[in-house]
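The values are calculated or read from the model by the stated rules, or taken from the named source; none is laboratory data. Note that this is a predicted model, so its numbers are computed, not measured. So basically every Cβ, Gly included, is an ideal-geometry build from the backbone, and we count neighbours across all protein chains shown.
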Amino acid sequence: MLRRSILNFLLATPLGRFLAGVISTIAAFTVIYLDNSVDVPRLKKDTAVRLPHPRLRGRVSVEEALANRRSVREYVDEPLTLEEVSQLLWAAYGISEVTHGLRTAPSAGAQYPLEVYIAVREGGVKTIDGFLPAGVYYYDPHSHTLHVVRRGDVSSELYHAALEQQWVLEAPVSIVFTAVYSRTVRVYGERGRVRYVPMDLGHAAQNVYLQATALGLGTVAVGAFYDEDVRKILELPERETPIYIMPVGRPAVRYELTERELAQYIEKKRSKLSN
């Protein structure tokens with residue numbers, strides 16, 4: 001009750017609102033800097049896969065990626081390259097600021113509640129000297145490495161857990177986002193759980209969509225699955241909740257929007273405004 005009274009008092013005046021914002025920002029960054037160094041899943045250094053360094057320049061503009069982004073559910077039977085996997089994971093939740101380790105996706109209070117895994121199908125990712133072994137890998141954004149969580153092809157298990165959505169079975173890889181809700185809740189309370197974490201997920205997932213499009217790949221966001229089944233398949237710690245599966249592959253059919261088509265569409269809609 002006392003805490004609520006103090007908060008109401010702070011929010012009642014411009015100066016109070018300013019001070020509340022300063023306090024909230026300091027608290028948020030204090031939490032992340034104190035805790036992030038130890039808030040890391042079990043990593044086995046001897047099994048780390050060092051991904052190629054991310055590229056900061058590509059052949060496709062942001063505008064082109066936005067125009068041609070579609071949800072893709074049909075893929076040709078071809079593997080991704082390790083370079084493509086590297087770029088996708090970096091775009092999803094990689095490091096984009098090296099002083100404080102900030103990410104490619106914005107996060108409320110810089111709490112970064114998401115974790116990223118990738119399930120690799122047998123023959124799903126081509127490397128210089130063969131293929132990345134099938135299995136479930138955890139992505140560590142700071143070292144830009146993959147760490148084995150589970151060996152073996154789990155695509156069939158994920159397919160059944162995801163209500164038998166065929167694209168989960170057929171994609172060479174599936175990126176899986178999980179959430180550690182406590183990271184955001186400890187700063188923002190229940191609002192962090194119901195609003196801020198889903199917002200964080202949307203930012204990261206759109207990054208995957210756009211990067212996939214820029215690489216000539218396709219993906220689709222899958223939210224329909226049995227949480228506990230996915231948790232077991234990925235052998236997740238108790239604190240993590242699976243919230244998105246994003247199969248990625250080479251599109252069977254590619255979509256491309258031209259500037260002329262877009263202009264014609266806009267002018268057609270404008271003509272109706274004058275009628």
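Check ARG69, ARG17 and return the single one that is at pLDDT below 95 and in contact with a Leu (Cβ under 8 Å, 6 or more places away or on another chain).
Numbers: ARG69 fails: at pLDDT below 95.
Result of the check over ARG69, ARG17: ARG17.
Quick check on region 252-264. Is at least one of its residues under 23 Å from GLU170 (Cα atoms), of a type in the set (A, V, I, L, M), in contact with a Ser or Thr (Cβ under 6 Å, 6 or more places away or on another chain) and in the same structural domain as ALA65 (by TED's automatic domain parsing)?
The answer is no; no qualifying residue exists.
Please go through region 133-153 and give me each residue that is on the phi > 0 side of the Ramachandran plot and surrounded by 17 or more Cβ atoms within 10 Å (Cβ to Cβ), ordered by number.
GLY135, HIS144
For every residue, the table says whether it meets (1) under 25 Å from TYR196 (Cβ atoms); (2) among the basic types (Lys, Arg); (3) not in a loop (DSSP other than H, G, I, E, B).
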{"residue": "PRO106", "(1), (2), (3)": "yes, no, no"}
{"residue": "ILE118", "(1), (2), (3)": "yes, no, yes"}
{"residue": "LEU146", "(1), (2), (3)": "no, no, yes"}
{"residue": "SER156", "(1), (2), (3)": "no, no, yes"}
{"residue": "LEU163", "(1), (2), (3)": "no, no, no"}
{"residue": "VAL168", "(1), (2), (3)": "no, no, yes"}
{"residue": "VAL176", "(1), (2), (3)": "yes, no, yes"}
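Picking from ALA179, ALA119, ALA161, ALA108, which residue would you name as being over 21 Å from PRO251 (Cβ atoms), in contact (Cβ under 8 Å) with a residue 12 or more places away in the chain, assigned by TED's automatic domain parsing to the domain that holds SER86 and crowded, with 23+ Cβ neighbours inside 10 Å?
None of the other options fit; the residue is ALA161.
Among the residues of region 178-191, is there at least one that is under 16 Å from the mean Cα position of the chain (by Cα) and under 19 Å from VAL120 (Cβ atoms)?
Yes, region 178-191 contains a residue that is under 16 Å from the mean Cα position of the chain (by Cα) and under 19 Å from VAL120 (Cβ atoms).
Among (1) over 26 Å from THR213 (Cβ atoms); (2) among the aliphatic types (A, V, I, L, M); (3) in contact with a helix residue (DSSP H, G or I) (Cβ under 8 Å, 6 or more places away or on another chain); (4) surrounded by fewer than 16 Cβ atoms within 10 Å (Cβ to Cβ), there is one condition LEU102 misses while meeting the rest; what is its number?
So the condition that LEU102 fails would be (1).
Would you mind finding the one in GLN166, GLN211 that is polar (S, T, N, Q) and surrounded by 15 or more Cβ atoms within 10 Å (Cβ to Cβ)?
GLN211
Of all residues in region 80-99 being in a loop (DSSP other than H, G, I, E, B) and of a type in the set (Val, Ile, Thr), which is surrounded by the fewest Cβ atoms within 10 Å (Cβ to Cβ)?
Among them, the one singled out is THR99.
Of all residues being outside any helix (DSSP H, G or I) and touching a residue at least 60 places away in the same chain (Cβ under 8 Å) in region 255-275, which is surrounded by the fewest Cβ atoms within 10 Å (Cβ to Cβ)? Just the residue, please. Outline the logic, then answer.
Applying the first criterion (outside any helix (DSSP H, G or I)) to region 255-275 yields 255-258, 274-275.
Restricting the remaining residues to those that are touching a residue at least 60 places away in the same chain (Cβ under 8 Å) gives 255-257.
Values: TYR255: 12, GLU256: 9, LEU257: 14.
In this case the residue turns out to be GLU256.
Just one of (1) within 21 Å of VAL220 (Cβ to Cβ); (2) surrounded by 15 or more Cβ atoms within 10 Å (Cβ to Cβ); (3) of a type in the set (D, E, K, R) trips up ASP77, so point out which.
Unmet for ASP77, out of (1) within 21 Å of VAL220 (Cβ to Cβ); (2) surrounded by 15 or more Cβ atoms within 10 Å (Cβ to Cβ); (3) of a type in the set (D, E, K, R): (2).
Looking only at region 239-275, filter to residues that are touching a helix residue (DSSP H, G or I) at 6+ places or on another chain (Cβ under 9 Å) and of a type in the set (D, E, K, R); which one of those is farthest from VAL185 (Cα to Cα)?
Among them, the one singled out is GLU259.
Would you mind stating whether ASP153 is of a type in the set (Asp, Glu) and without any contact (Cβ under 8 Å) to a residue 60 or more places away in the chain? Working first, answer last.
Values: of a type in the set (Asp, Glu): yes; without any contact (Cβ under 8 Å) to a residue 60 or more places away in the chain: yes.
Answer is yes for this residue.
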